[in-house]
Amino acid sequence: MKTKRLLALVVVLMLAVVLAGAAAAEDKCPLCGMSISGNENTAFVVTMKTGEKTTYCCAHCGLWVMAKDKDKVESAQTRDFISGEWIDAAKAVYLFKSKAVPACNPSWIAFGSKKEAEMFKKGFGGKIYGYTDALKERVKHPEGMEM
């Protein structure tokens, strides 16, 4: 009887470790490995035509996937950096290479309006892109972060 209880306890503990590892893996950006927790205001979610949704830490990673897998992508949402609200990634305005680096480097920061991006740029520099031009610029740079 003690052996069965011990075996059951071992199985339960192993299952807990596996589930904890899976939860931790889901909290990481699949492209760069950065934690999604703490980067909620820069999150970027890509929905593929298959229905699969993947969350990336920021526009730096999300735009890479959008540009490289554009034929497989259904849609994407990103967070407006100022309000934190979800916005359509195709309608966002992006600030590239500002001095502010909230997630990946070089930074790609999404804004809900060009006015907000311009105001932020005054303080932190960078270059503003619309969605289509942001995709074209993003693929010119390495997949991962530049150190």
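Please give me the summed charge of the neighbours of Phe124: other residues whose Cβ is under 10 Å from its Cβ, Lys and Arg +1, Asp and Glu -1.
+4
Give the cross-link partners of Lys49 among the lysines, using a straight C-alpha distance below 30 Å as the criterion and excluding same-chain residues fewer than 8 apart.
Lys28, Lys68, Lys70, Lys72, Lys91, Lys114, Lys136, Lys140
Quick check of the Kirkwood formula: for segment 29-138, what is the inverse mean of 1/r over all pairs of different Cα atoms, in Å?
After inverting the mean inverse Cα-Cα distance, the result is 13.4 Å.
Computed from the coordinates by the stated procedures, all read-outs in this text should not be read as laboratory data. Just so we're clear, the structure is a prediction, and the values are computed from it rather than from any experiment. Don't worry about glycine lacking a Cβ; one is built from the backbone with ideal geometry, like all the others, and counts go over all protein chains shown.
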